[in-house]
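Step one of this worksheet: look at the structure below.
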Amino acid sequence: MKNYIFLGRSDGRRFCIEGIDVFANKWQSLGICDIVLDPTDKRPYSFSVYQITANHRTITFAAGRFRDDQWGFYQLPDDEAPAE
């Protein structure tokens, strides 16, 4: 399992990563699924990995829905991020 950093939860209305609102942009799937742990109960989830390019920047993140229907967002540390 990779060392994903939990960024937070959202109800799907708004969530920003590095200043970019992910719900206001198109997500590009990287065709990768990784296992992440819910920080509250440590249950494993398989989340897809996506990229968004906006404002001349590209962000990479893992996202999916938890059992409570909230979106969860994660990122890898810079030294573990997939090559672009």
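The values are calculated or read from the model by the stated rules, or taken from the named source; none is laboratory data. Everything numeric in this text was worked out from a predicted model, so none of it was measured. Note that we place each Cβ from the backbone using ideal geometry, even for glycine, and neighbour counts take in every protein chain shown.
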| What do you reckon, is F47 at pLDDT 95 or above, in a strand (DSSP E or B) and surrounded by 12 or more Cβ atoms within 10 Å (Cβ to Cβ)? | yes
Checking the structure you have, find out if any residue of the stretch 21-39 is part of a helix (DSSP H, G or I) and touching a Ser or Thr at 6+ places or on another chain (Cβ under 9 Å). yes
Selection from the stretch 37-73 of residues of a type outside the set (A, V, I, L, M, F, W, C) and in contact with a helix residue (DSSP H, G or I) (Cβ under 7 Å, 6 or more places away or on another chain) yields none
Of the conditions (1) of a type outside the set (A, V, I, L, M, F, W, C); (2) surrounded by 13 or more Cβ atoms within 10 Å (Cβ to Cβ); (3) modelled with pLDDT under 95, the single one that D79 does not satisfy is (2)
